[in-house]
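Scroll down for the structure; my scribbles are underneath it.
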Amino acid sequence: MDVIYSPYRAPDTGSCGFVVTARDITEHMRAEEALWESEGRAKAVLETAVDGIITINERGMVESFNVAAERMFGYTADEVVGHTVTDLMPLPYRAEHDTYIKNYLETGQRKIIGIRREVIGQRKNGATFPIDLSVSEIMIANRHLFTGVARDITERKRLEDELKQRTHDLGERFKELNCLYVISKLAEQRDITTEEILEGTVDVIPSSWQYPSVTKARVTLGGRVYSTADFRESQWRQASEIVVQGEPIGRVEVFYLTEQPTSDEGPFLKEERSLIDAIAERLGRTIERARLGKERATLKEQLHQAQKMEAIAQLAGGVAHDFNNLLTVIGGYVSKAKKALPDDHKAVESLRRVQEAADQAAGVTRSLLTFSHKMETKKEPIELQASLDTALRLLRQVLTAGIEVLSDAADEQVWVRADGTQLQQIIMNLAINARDAMPNGGTLRISVSQSARPPIKPATLDEPARLVAVLVVSDTGTGMEPDVRDRIFEPFFTTKPRGQGTGLGLAIIHSIVEDHDGSISVESKAGQGTTFTVELPLLDLDTLWDTPREVIPPKRGRGEVVLLAEDNRHVRGILASSLESLGYEVVQATDGSSLMDCFELNRDRVELLVMDVDLPKRGGLECLRDIRSSGGCVPAIIITGSVGPGLEQRIDDEAILLRKPFQIADFTALAGTVLGERQREKQT
């Protein structure tokens, strides 16, 4: 109860006293207790809240500032209460805040009240930070009070920015991986050229950079340039070297056409530096693989060519023996027939042509063996124009009537050191190829000349030029496309229909020319004919022969016994008859066993052994060594139509080697010389 004592004086009596007024305040006390309890709870909430809670009045002055706000801004409540709330804001938000409150009080238009938004706060130390702010309004005793709940979202913003950056980085990495993936897929395609890979690379680069719309790319390799459409350079450039086996061979470049914000490397990101380096490295590996692939293909082709050459060598070696035997027989009987006829007999010229053809055939065999590295050529001084004249006599028989043959002779003799038969084979083969290129007729021109060429490896500036003999064979035929021209010297390459060419002719010619330390070149265009130029070292006339040639006439015998062992009956027959015609007695054997038997029966009579290397049953060399080991000191001539390295070394001083085909006159002269030496040894 609430009791009030009031003094009182009675007006009529003047007596004094008190008036006691009593009021039941039970409800009032309850209301006060409720208020105290509410304020206590509110204060507890304010002091324990994790968010900053700030109350301001309509003039912007702070009336309350909780503990969380103290931690957030770095001020104490005493430092803030009674001061303007704009102290907690950085510029330019300070000026804007007072305007917001004024406009709201005048117009009721809300911009921040009742609206949750992100704002920037400023700590006591001047640092700014992001705030998530929501503001509410209350009226107390006709006063406008505004309460803001502020949450420091620095960490949340950091995480959001980090997530945003990671998302951006992931997108960039995806573009980078896609770029490298596209380049890898290009490189994996079959039958794709390096040029196509580089063109595809420059096309994919711009979309992989930060600003693709202003990005241009260029790849430079081996003097060639591959670039994006409408390419142009600028000052904003990023580049990386293409390196193969430690050597820079090209460059990848990226340009921004317009200025962009500065980043890690000018306007470029560090990830873009990694990407352009990765592209250059990937291209380097791709080019290196392509080179290795070409090298492997070249080695494979070389192996294939070597296998074909080995097949040629085996074929040539197998054919040469029998073919040389036949040529020896042909040459022998031609020589025998010419001796039996007077010089003015009409058949002598025909026999001479047969002998020339046989010599040409022997040259073909030697060329094939030389080409397959089965035989070394024997070179001697040859006058090139004379060799051409001989070849032309044979050519006129095989050229069609519609082909005009023109020969341009040199002003002076042109001497070379060469195998005469192979030299004619070069002329014949080139001329026949020209004939085949002119099915409807045309002009074949062959010229011989000499010319000066620069020294191959000049030791001094004043070293004289080298002199060469030049043979030019040209035609007005169909000519060749570049892809055909580049392959014409390859073994087995031919443009002729199956059955009309082996593809060995020009390959053998190329081999012959190289064997003579010369060179051969070709100029040709489709529809404009072909010209072959052969250059051979010119021979000095003063050194044509080191010693004068001696012509040894056949020497007649006086009944000396010659033991002849040859399994080919035609060769055996012509050799025996040639020796017998000169007065020698010939004992014939057909194989190794009969050779040994004949020698034992005639040991004391045999003055000369003539035997083939490849005799049936027992080889000629084996028989010769058995004869030597048994004390037989008879001189021997080994004849052979076979080929193969090392035969001379195997024979050494035991015998004289004579290779087929040979002239009968050379054989009989050799036999006479050996027998003459033996007779002189006996006399001494």
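The values are calculated or read from the model by the stated rules, or taken from the named source; none is laboratory data. Only a predicted model underlies this, so the values are computations on that prediction, with no experimental measurement involved. Cβ: placed from backbone, ideal geometry, glycine included. Neighbour counts: every protein chain shown. We work out accessible area using only protein heavy atoms, side chains counted, and drop any ligands, DNA or RNA first. Shrake-Rupley method; radii C 1.70, N 1.55, O 1.52, S 1.80 Å.
Points to keep in mind about this one:
- Matching entry among Ser577, Ser581, Ser594 (being modelled with pLDDT of 90 or more, surrounded by fewer than 20 Cβ atoms within 10 Å (Cβ to Cβ) and not basic (Lys, Arg)): Ser594
- Residues in the range 175-194 that are of a type outside the set (Ser, Thr, Tyr) and open to solvent by 70 Å² or more (accessible area, probe 1.4 Å) were compared, and the one that is nearest to Arg289 (Cα to Cα) is Glu188.
- Subset of the range 198-213 (residues that are in contact (Cβ under 8 Å) with a residue 60 or more places away in the chain and touching a Ser or Thr at 6+ places or on another chain (Cβ under 6 Å)): Trp209
- Residues in the range 213-223 that are surrounded by fewer than 17 Cβ atoms within 10 Å (Cβ to Cβ), at pLDDT 90 or above and either farther than 17 Å from Cys179 by Cβ or of a type outside the set (S, T, N, Q) (or both): none.
- Subset of the range 85-108 (residues that are open to solvent by less than 40 Å² (accessible area, probe 1.4 Å) and over 24 Å from Leu159 (Cβ atoms)): Val85, Thr86, Leu88, Met89, His97, Ile101, Tyr104
- One residue from Arg435, Arg487, Arg445 being open to solvent by 70 Å² or more (accessible area, probe 1.4 Å), closer than 20 Å to Ser407 by Cα and at pLDDT 80 or above: Arg445
- Matching residues in the range 224-251 - criterion: being of a type in the set (Ser, Thr, Tyr) and either in a strand (DSSP E or B) or at pLDDT below 85 (or both): Tyr226, Ser227, Ser240
- Check on Glu155, within 30 Å of Ile113 (Cα to Cα), of a type outside the set (Lys, Arg) and out of contact with any Asp or Glu (no Cβ under 8 Å at 6 or more places or on another chain): yes
- When residues in the range 109-166 are screened for being among the aromatic types (Phe, Trp, Tyr) and open to solvent by 50 Å² or more (accessible area, probe 1.4 Å), 0 of them pass.
- Residue count, the range 490-509 (criterion: at pLDDT 70 or above, open to solvent by less than 70 Å² (accessible area, probe 1.4 Å) and either in a loop (DSSP other than H, G, I, E, B) or closer than 19 Å to Gly479 by Cβ (or both)): 7
- Residue check for Leu275: more than 21 Å from Gln210 (Cβ to Cβ) and open to solvent by less than 10 Å² (accessible area, probe 1.4 Å): no
- Top-ranked residue of the range 602-624 - restricted to ones that are part of a strand (DSSP E or B) and among the aliphatic types (A, V, I, L, M), ranked as surrounded by the most Cβ atoms within 10 Å (Cβ to Cβ): Val610
- Qualifying residue in the range 516-533 (condition: at pLDDT below 85 and either closer than 23 Å to Ala655 by Cα or charged (D, E, K, R) (or both)): no
- Residue check: Met375 meets all listed conditions (1) modelled with pLDDT of 70 or more; (2) part of a loop (DSSP other than H, G, I, E, B) but one, namely (1).
- Looking only at residues in the range 200-212 that are closer than 21 Å to Asp264 by Cβ and assigned to a helix (DSSP H, G or I), the one that is least open to solvent (accessible area, probe 1.4 Å) is Ser208.
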